[in-house]
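Any read-out appearing in this document is the output of simple, stated calculations on the displayed coordinates, not a laboratory observation. Just so it is clear, the model here is predicted, and its values are computed rather than measured. Here the Cβ positions follow ideal geometry from the backbone for every residue, glycine too, while neighbour counts run over all protein chains shown.
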Protein chains: 2
Amino acid sequence: MSWTLEDARACDAADPLADWRSHFLLPEGIIYLDGNSLGALPAATPGVLARVTETEWGRHLISSWNRHDWIGASQRVGARIAPLIGAEADEVIVADSVSVNLTKLIAAALALRPGRGVILSEPGNFPTDLYMVQGLERMGLCSLRLAPVEDFAQALDGDVAAVLLSQVHYKSAAVHDMAALTAAAHAHGALTIWDLSHAVGAMPVALNPTGADFAVGCGYKYLNGGPGAPAFAFAARRHHAGLEQSICGWMGHAAPFAFDDAYAPAPGMKRLLAGTPPILSLAALEVGVRLIGDIGVSALHAKSMALSQCLIDDVSATCADFGIALASPPEAGARGSHVALRHPEAYPICQALIAAGVVGDFRAPDILRFGIAPAYVSFEDIWTAARRLEAVLRHETWRAPEFAARQTVT
Amino acid sequence: MSWTLEDARACDAADPLADWRSHFLLPEGIIYLDGNSLGALPAATPGVLARVTETEWGRHLISSWNRHDWIGASQRVGARIAPLIGAEADEVIVADSVSVNLTKLIAAALALRPGRGVILSEPGNFPTDLYMVQGLERMGLCSLRLAPVEDFAQALDGDVAAVLLSQVHYKSAAVHDMAALTAAAHAHGALTIWDLSHAVGAMPVALNPTGADFAVGCGYKYLNGGPGAPAFAFAARRHHAGLEQSICGWMGHAAPFAFDDAYAPAPGMKRLLAGTPPILSLAALEVGVRLIGDIGVSALHAKSMALSQCLIDDVSATCADFGIALASPPEAGARGSHVALRHPEAYPICQALIAAGVVGDFRAPDILRFGIAPAYVSFEDIWTAARRLEAVLRHETWRAPEFAARQTVT
């Protein structure tokens, strides 16, 4: 693809979402293509955090649980996430981390399918998803079965309690067919648990239209909730009455302030709460979720597909000679909102690009990921990033020794 | 006890910790005696949160995991908590909530005691402690046995995997003898799990000197970490090599960024991590923990005992005629840092006191709790609170209809 800076600027001028970029505080001189790992800071967040900290915590202290509805925050923010993922307000709650919510929902699925002990997933799914099953496996509660989704017709049998998959793959960005896989699971009497971490906020998700049973998702990627923001959990309303899980804390009790010795679950999703929710982190998440809801996931998805296609077309045309290969599906509809490129020297290339002001990330062993957060990434960003990638590859600046040492990056 | 406002002020003038009150932002006109539920806001916290949000998240974005050591925050803050509870730096980690950490450590204790399936606790322990056992019980992994600690000699047998108790009772403030109960548990081959939520930050805790095995504790009470602050977990170093738990997320993996399909636990306490930690809430917690460490728990405990005794003596002398009875142990050494009073109309009395500018809290069915956070509560606060309580009781202002309706308060 031969497009110019002027072409990119023309795309930005025509972009109906362009003005939303000003709702984020982006650092000068950086092109940030890692919003799939940590979303950018919404401009409103510092003020909200200052208010929650200084007025609500500092001045109103314990009374804020009622006065500022801290006690309802988990359900309130969950209700705001619901329309982004094709769910009803009472089907989503914010709680804990993706990992902890997974263990709750895997246990819930096992309880709903007595006599079945297999959780079916695919190799290479996001590790925490697989580890959570392995944790329950070590306690003798289930066993993990891994098979490529192409082989699910064979892998799905009467032992499978639930299918556990990511809607968008964290590395390749490949999108699974939620409707078809949910139907296949149901045809064998199994439930589905979807990890929406790399989908929510960047593309529409259709939990209820596809008949999905359970889901979890991340608050700190495309929802821009801040580092380690609380996660969310979804359960279809038809499962609420029979929803059993193992991490039953006082905040999920039917009457937490009765301080009974015996656990009695709260109605609906509230029983998925365990301990006291982290209010400061929740307040930041609420800002991000509102912002994404205001922009709208359909418009975000359209822009994401357009930006991603520009990056893929540009890199395919300009960088193919340097050993770069597309590791994401080529069709826009089959991808989430990031683009994965493969190169044997992906690690130092990533570091050299960061030094050149383009922040993507590396995923072992050979993947360069570029997150295309459509709420704040522009077409000019994509054009410039492609030019810098081309320069890093053409001039082999990635061979400089300072780019070789590996550091921990999340 | 007949003491005057001048006596109280003289106590404040002689108080070596008096100046630390200025390190907290306390609201004007309120006497805050609920720091055992939600600790006050340290003066340094808003600035730290603004820096973490605007500079670290907003400007440095994903690079902050290394650049600002977000990745090490769980261990770093855990190491700061360690000296407050008689532990070594590598024996404590900050993670999740008290509830979630309890379920991890109960599972770990069960794994260390194969063939034993009973968790022994006492009736009326903080509900989430009991609920967490019941959650594992529902999955067939253990059973909960409840007995008053006086009957533990009978209740402790070869089926007990672990004894689960609170160091300080959330309602009565009664302190358990950690050394004696740990020795009793060990004599029967059982482990101990201590909930330090109402102890940490207000009194010295002696985990290693008493041979305790496991502990959890709360960040938002006497550690002043903010509403829903992350909690911590302790495991004695001798258990680290064999520490197995069920909620094994990617942050607890030996090599989280290798993204292996198979879980392999990180060495030591790090394996207790599950998902990505909530950095904003962790940053606030770190401020509170540093502050308490700087003041020193021995000095805090001495002041707490002095303040509590003044309150008890005053109320005993001035309010006994109005049906108030002490519900905490009368001896200072047998109490934690709050004072519980019993009255059949505790709920409206609590509300009337709040309206009079003294914030304590109510615990069903008949308990008024006054948290004596020694870092920022003064002797004059105690004297004034006692006068207002006396007035509420003497003039029966609590009978006003607006104080009758119950609200949710945490």
For this session: Can you grab the distance from the C-alpha centre of the stretch A:46-83 to the C-alpha centre of the stretch B:188-228, Å, no decimals?
Result: 27
Problem set entry | Under 14 Å from the B:Ala299 label point (7 Å along Cα→beta-carbon), backbone N, the stretch B:1-45 | B:14-23
Problem set entry | Cut-off under 5 Å, modelled amide H: who pairs with A:Ile30 long-range | none
For this session: Tally the DSSP beta bridges in the protein assembly as shown and give the antiparallel ones as a percent, rounded to 5.
Result: 55
For this session: Grab the Cα-Cα distance for B:Ala254 and B:Ala44, subtract it from 0.36 nm times how many residues apart they are, and report the gain in nm with one decimal.
Result: 72.1 nm
Seminar exercise, completed: For chain B, the Cα gyration tensor yields equivalent-ellipsoid semi-axes (√(5λ), largest first, whole Å) of 37, 27, 18
Problem set entry | DSSP-assigned coil residues among trypsin sites (Lys or Arg not before Pro) in the stretch A:329-410, each with at most 12 further Cβ atoms within 10 Å | A:Arg406
Seminar exercise, completed: Any aspartates and glutamates whose Cα falls less than 13 Å from that of A:Lys270, other than same-chain ones fewer than 8 residues away, would be A:Asp90, A:Glu91, A:Asp96, A:Glu244
Exercise. Put the label 7 Å from Cα along Cα→Cβ for B:Gly357; what are its distances to the other copies, in nanometres, shortest first?
Worked result: 5.7
For this session: In nm to one decimal, list the spacings between the A:Ser2 label point and its equivalents in the other copies, with label points set 7 Å along Cα to Cβ, shortest first.
Result: 10.2
Exercise. Roughly what would the spin-label model give for B:Arg138 and A:Arg51, points 7 Å off Cα along C-beta, in nm?
Worked result: 3.7
For this session: Scan chain A and report its longest stretch carrying no GluC sites (Glu not before Pro) that are both in a DSSP loop and have at most 12 other Cβ atoms within 10 Å.
Result: A:29-330
For this session: Please determine, in degrees from 0 to 90 and to the nearest 10, the orientation of helix B:5-14 with respect to the longest principal axis defined by the Cα atoms of chain B, where the helix direction is its Cα long axis.
Result: 40
Exercise. How far is B:Pro209 from itself in the other copies, in nm, if each label sits 7 Å out from Cα along the Cα-Cβ line, shortest first?
Worked result: 6.5
Problem set entry | Partner lysines for B:Lys303 [C-alpha distance under 28 Å; skip if fewer than 8 residues away on the same chain] | B:Lys171, B:Lys221
Seminar exercise, completed: So for R0 = 35 Å, FRET eff. of B:Ala18-A:Asn66 from the Cβ-Cβ r, to 0.05, ends up at 0.60
Exercise. How far apart, in nm, are the 7 Å Cα→Cβ label points at A:Asp321 and B:Ala404?
Worked result: 8.7
Exercise. So if R0 is 60 Å, what FRET efficiency would A:Ala183 and B:Ala89 give, r being the distance between their Cβ atoms, rounded to the nearest 0.05?
Worked result: 0.70
Exercise. What average count of beta carbons from other chains do you get within 10 Å of the Cβ of residues in B:26-33?
Worked result: 2
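What does the charge add up to near A:Ala82, with Lys and Arg as +1, Asp and Glu as -1, over the other residues with Cβ less than 9 Å from its Cβ?
Numbers: positive: A:Arg80; negative: A:Glu88, A:Asp90, A:Glu91.
So the surrounding residues net to -2.
For the stretch A:313-410, rounded, prolate or oblate, judged on the Cα gyration tensor with a ≥ b ≥ c (square roots of eigenvalues), a/c < 1.5 rounded, else prolate if a/b > b/c?
Rounded.
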For this session: Determine, for each peptide in A:60-66, B:36-42, the mean count of other beta carbons within 10 angstrom over its residues, then list the peptides with the highest first.
Result: B:36-42, A:60-66
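For a test of the definition: using alpha carbon positions, the gyration tensor, and the 1.5 limit on a/c, classify the stretch B:80-198 as rounded, prolate or oblate.
Cα axes put the stretch B:80-198 in the rounded bin.
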